[in-house]
Structures are given as C-alpha cells and as structure tokens.
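The numbers here are math on the coordinates, done by the rules we state, and not lab data. Owing to the predicted nature of the structure, the values given are computational and were not obtained by experimental measurement. Glycine gets a Cβ as well: all are built from the backbone with ideal geometry, and neighbour counts include every protein chain shown.
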Amino acid sequence: MKRVLALMAALSAAGCFNSPTGPDAVAGQPFDLKAGAVATLPDGARLRFERVQSDSRCPMDAICVWAGDAILFVTLNPEKGVTESREMHTQPTGSQISYANYTIKLTALSPYPRSNQEIPATGYIATFVVSVR
C-alpha cells in the first residue's frame with residue numbers, strides 16, 4: 001500500500017512539473033517558465049514564454065570577444081483585450097518590457113550554451129520578475 005501511495009505521489013508530481021501552465025507571478029519575485037509555459041499575472045493576464053528565436057550567447061567553454069545575446073518571444077494575453085507578442089533579449093538593453101501597469105524583466109535564460117552541445121527548443125527556462133509600475 002505504501003508503495004502504491006508513493007508511486008501515485010511521484011506520478012502526480014511529475015505531471016505537475018510537465019504541465020504547460022506555470023506558476024502565478026508574484027510582483028517583485030522571480031519565477032521560472034519553461035518554453036511553452038504560462039504564468040498568470042496579478043491582474044489575471046497571462047504571460048507565455050513562447051520560444052527562443054536565436055541564441056548567440058558565448059558558450060561557457062569558449063573565449064569570445066562579445067558576450068552575445070539570446071532573443072526570445074513572449075505573448076501577453078489580457079483577460080479582456082488584444083493579445084500582444086513581444087521580443088526580449090538577454091542583453092540588458094532589451095531585457096525589459098512594459099505591459100499595462102507592469103514592467104516585466106528577463107533576469108536569466110538557462111541552460112547556458114556549450115560549444116559541443118545543442119540546446120533543444122523545449123530545453124530553455126526563462127526567469128522573469130514582474131513589477132507593478
């Protein structure tokens with residue numbers, strides 16, 4: 001019986017981890033979204049991490065002249081109104097967007113590239129912080 005309960009708990013946890021719906025965003029606190037996942041903002045709007053369009057960041061096992069940049073797309077879907085698609089960058093100059101009464105900042109994108117390893121499109125995790133303006 002204990003084994004059955006442990007198995008059920010493990011399967012439930014695995015199902016939640018792979019869910020396309022992510023956490024609710026709490027203002028001022030960082031949260032992670034896998035590519036394709038969605039977080040609900042405090043007003044009910046939804047932030048979806050669509051995909052990484054390109055990743056030219058310098059691999060961690062290489063020496064580069066420039067740090068590079070990754071470009072990702074997010075979709076913002078208000079409870080009422082028009083859905084917006086936005087581009088964000090890992091470079092500080094493009095890592096922040098304004099939406100409604102929020103500032104949304106991309107603070108990290110993982111994993112970091114390695115020269116001998118390709119990152120699958122679904123393998124990215126973005127860390128965001130949402131602030132109320």
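Equivalent-ellipsoid semi-axes for the stretch 66-108 (Cα gyration tensor, √(5λ), whole Å, largest first): 23, 10, 6. The packing ranking of peptides 82-94, 118-130, highest mean first, is 118-130, 82-94, where packing means the average number of other beta carbon atoms within 10 angstrom of each residue.
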